[in-house]
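The values are calculated or read from the model by the stated rules, or taken from the named source; none is laboratory data. Model, not experiment: these values are computed from the prediction. Every residue, glycine as well, gets a Cβ built from its backbone with ideal geometry; the counts of neighbours run over all protein chains shown.
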Amino acid sequence: MRTRMAFVGQAVAVALLAQLVAPTLHAQPPHEPVAQKPASADVAPARTHMKRWSFERAIRGVTVGPIENQLHPGRGYGSAACARTMSEIERMGGNWVSVTPFGRVADVHATGIAMSFEVPFEQNRKAVSAAIAQAHAQGLHVMLVPHLWVESGEWRGFIDPGDDANWKRWARAYDTFVTQWARVAQGAHADLFAVGIELRRWVTTDRASTFLPIIKHVRALYKGPLTYAANWDDAEDTVIWGDLDFIGINAFYPLAEHPNASFEEMAQAAAAHTARANELAKRWDKAIVFTEFGYTTRKDAALRPWEWPEALSDVVIDERSQAMAYRALLAATIEQSWFAGLFVWRLYADPDDVTQEPEFGFSFRGKLAELELRDAFANHWAADGLMPMNHAVASFAHLHPGDY
């Protein structure tokens, strides 16, 4: 209790101070870091002519994953089951969801993208639009994030078509893919759109200039704010932030360097990651959204969190370890003036479907991590602005797990 109350008190004090100095903020699996040379040592400043988007409150978001398999009818986006998921998120204090349709590529040397994933694109488009409508009906805002699924099992961050001719083919294919989803975002009134996710070998290299026309094409179709979801260890090397409205980070930060790390060690690691994010926000004069954030339900969850659940064996389930990692990173970020919010990874379109990941997966539903999330969602964040005079300093939402 003492730790939680201290955390809340610090958040309130910093939130009040932040109003005097802060800019307006109302505003596929993670992978092991790989060394990457930045595209340039001299990064251009943020574009000052761009509209500065703002949100009424900080983003308290949850990613809702798709269930698109034809063998699971009635469980995917737009279904009655999906409506229950949206309702659960709203009742636990969430105010945003992330919807993540997929396209398919053969391997990391591909030059084309299949729009259909498990179901035909037209069917998927309608389902995604219906899911966005379901979220809006619950009073939730929506970020639409088109993902790429690599059939070979390799990470999308390693996509590299090769020579100049193949890169041109790839850029044309990606332009078609992402602008199709930008049309869906505009038509369904999505509130935020991600132009890409974890495209390391494109947007951190001298190839990045070929991505800028794609952003321009997206803006011509979608009139809301744009972001891009960088992997946690290459956000500083990404050079397209000047053409976007928010910096997006898939924040699967490691918070431990050895097994059995203490909470204090996790908190120190979270503070170090937060300090680097602060420098990135100042460098580009933009708020940061954690486009993905989460830890699995296993022993030493904060150690190598990019390890995908299905790739692990002999896993020891540990809800406390997952919850400690949540608490450490949440405590380090929600009182930061540059932090616009986050999307937790993840629930699925059907809240009762337990076939999508093992018990030790990323889901927080019904676990100790849910208590941490509910408590954080219910409290004041710096990006919320000034706290109303009649607002409670502390929240006890964590005392009611599973109260849907």
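Picking from residues in the range 354-382 that are part of a loop (DSSP other than H, G, I, E, B) and among the basic types (Lys, Arg), the one that is farthest from Thr297 (Cα to Cα) is Arg365.
Scanning the range 228-251 for residues that are in a helix (DSSP H, G or I), within 25 Å of Arg169 (Cβ to Cβ) and not acidic (Asp, Glu) turns up nothing.
Condition test on Thr227, is it on the phi < 0 side of the Ramachandran plot, modelled with pLDDT of 95 or more and within 21 Å of the chain's Cα centre (by Cα)? For Thr227, the condition - on the phi < 0 side of the Ramachandran plot, modelled with pLDDT of 95 or more and within 21 Å of the chain's Cα centre (by Cα) - is met. Condition (residue is part of a strand (DSSP E or B), at pLDDT 95 or above and within 23 Å of Thr204 (Cα to Cα)) applied to the range 152-170: is it met by at least one residue? No, that holds for no residue. Taking first residues from the range 332-346 that are over 28 Å from Thr85 (Cβ atoms) and partners that are in a strand (DSSP E or B) and modelled with pLDDT of 95 or more, the Cβ contacts under 7 Å between residues at least 6 apart in sequence or on separate chains come to Trp338/Ile288. Just so you know, in the range 313-337 the residues that are assigned to a loop (DSSP other than H, G, I, E, B) and among the hydroxyl-bearing types (Ser, Thr, Tyr) include one that is nearest to the chain's Cα centre (by Cα), and it is Ser337. The set of residues in the range 209-255 that are surrounded by fewer than 24 Cβ atoms within 10 Å (Cβ to Cβ), hydroxyl-bearing (Ser, Thr, Tyr) and more than 16 Å from Leu192 (Cα to Cα) comprises Ser209, Thr210. Is it the case that Ala256 is under 20 Å from Leu368 (Cβ atoms) and either modelled with pLDDT of 95 or more or within 20 Å of the chain's Cα centre (by Cα) (or both)? It is true that Ala256 is under 20 Å from Leu368 (Cβ atoms) and either modelled with pLDDT of 95 or more or within 20 Å of the chain's Cα centre (by Cα) (or both).
Residue count for the range 171-204 under the criterion of being of a type in the set (Ser, Thr, Tyr), crowded, with 20+ Cβ neighbours inside 10 Å and either touching a Leu at 6+ places or on another chain (Cβ under 8 Å) or not in a helix (DSSP H, G or I) (or both): the result is 1.
Okay, residues lined up against (1) over 24 Å from Asp191 (Cβ atoms); (2) out of contact with any Phe, Trp or Tyr (no Cβ under 8 Å at 6 or more places or on another chain):
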{"site": "Gln123", "(1), (2)": "no, yes"}
{"site": "Ser129", "(1), (2)": "no, yes"}
{"site": "Leu140", "(1), (2)": "no, no"}
{"site": "Gly153", "(1), (2)": "yes, yes"}
{"site": "Ala165", "(1), (2)": "yes, yes"}
{"site": "Arg172", "(1), (2)": "yes, yes"}
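Please determine whether any residue of the range 113-128 is crowded, with 21+ Cβ neighbours inside 10 Å and within 15 Å of Phe193 (Cα to Cα). The answer is yes, given that some residue of the range 113-128 is crowded, with 21+ Cβ neighbours inside 10 Å and within 15 Å of Phe193 (Cα to Cα). Among the candidates Ala270, Ala235, the residue that is in contact with a strand residue (DSSP E or B) (Cβ under 7 Å, 6 or more places away or on another chain) and not acidic (Asp, Glu) is uniquely Ala235. Is it the case that Trp181 is at pLDDT 95 or above and under 19 Å from Thr205 (Cβ atoms)? It is false that Trp181 is at pLDDT 95 or above and under 19 Å from Thr205 (Cβ atoms). Under the condition of being assigned to a loop (DSSP other than H, G, I, E, B) and surrounded by 21 or more Cβ atoms within 10 Å (Cβ to Cβ), the residues counted in the range 73-92 number 4. Among the residues of the range 70-89, is any farther than 25 Å from Thr176 by Cα, among the basic types (Lys, Arg) and at pLDDT below 95? Yes, the conditions are met somewhere in the range 70-89. Does Glu310 count as part of a loop (DSSP other than H, G, I, E, B) and either of a type outside the set (A, V, I, L, M) or over 28 Å from Met143 (Cα atoms) (or both)? Against the criterion (part of a loop (DSSP other than H, G, I, E, B) and either of a type outside the set (A, V, I, L, M) or over 28 Å from Met143 (Cα atoms) (or both)), Glu310 does not qualify. Out of the residues in the range 165-214 that are within 22 Å of the chain's Cα centre (by Cα) and among the aromatic types (Phe, Trp, Tyr), state the one that is nearest to His136 (Cα to Cα). Top of the filtered list is Phe193. Evaluated against (1) assigned to a helix (DSSP H, G or I); (2) under 16 Å from Met92 (Cα atoms), Pro351 falls short on exactly one condition, (1).
Applying the condition of being out of contact with any Gly (no Cβ under 6 Å at 6 or more places or on another chain) and of a type in the set (Phe, Trp, Tyr) to the range 72-116 and asking which residue is farthest from Leu144 (Cα to Cα) yields Tyr77.
When Asp160 is tested against the conditions (1) touching a helix residue (DSSP H, G or I) at 6+ places or on another chain (Cβ under 8 Å); (2) buried (at least 22 other Cβ atoms within 10 Å of the Cβ); (3) over 29 Å from Gly94 (Cβ atoms), the lone failure is (2).
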